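The values are calculated or read from the model by the stated rules, or taken from the named source; none is laboratory data. As the structure is a computational prediction, the values presented were derived from the model and not from experiment. With ideal geometry, Cβ positions are generated from the backbone for all residues, glycine too; neighbour counts draw on all protein chains shown.
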Amino acid sequence: MSDDHKEPNYMAVWWGLLVLTIAEVAVGYLHFLPKAGMVISLVSMALAKAALVAIYFMHLKFEKRTLATVVIVPLILSAILFVILVPDATSPDRIQPPAPAAEPAGGHGEGGGGEHK
């Protein structure tokens, strides 16, 4: 890492993180948003916050491009795996309802006659 880089504006980064956090909380309270939209917006804001922290507080902005490649490639691969595997894991063919429980032979269940006075 080179020592001749300009010092980042940490207060601006902090304000950006604060704005993103407030936006995340606001999205959590928006109940009219579809669930998919809520999840996509929350994940996007979390990734933006993680990028801000990594770039400025971990000083990755001043590192070589190979380090960025080492970080970005696994993110892209995991996104591809997510897109490929989630539809298969959530398909209705794989989710089967449980079998109904057998009624006991003695007839001690609900609504049966034979109540004693």
Give me the pairs: first residue in region 14-30 and among the polar types (S, T, N, Q), second residue assigned to a helix (DSSP H, G or I), beta-carbon distance under 9 Å, and six or more apart or on different chains, which are they? T21/M45; T21/K49
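Yes/no per residue for (1) at pLDDT 90 or above; (2) assigned by TED's automatic domain parsing to the domain that holds V83; (3) touching a strand residue (DSSP E or B) at 6+ places or on another chain (Cβ under 9 Å):
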{"residue": "S2", "(1), (2), (3)": "no, no, no"}
{"residue": "W14", "(1), (2), (3)": "yes, no, no"}
{"residue": "L17", "(1), (2), (3)": "yes, no, no"}
{"residue": "T21", "(1), (2), (3)": "yes, no, no"}
{"residue": "H31", "(1), (2), (3)": "no, no, no"}
{"residue": "V53", "(1), (2), (3)": "no, no, no"}
{"residue": "L67", "(1), (2), (3)": "no, yes, no"}
{"residue": "V71", "(1), (2), (3)": "no, yes, no"}
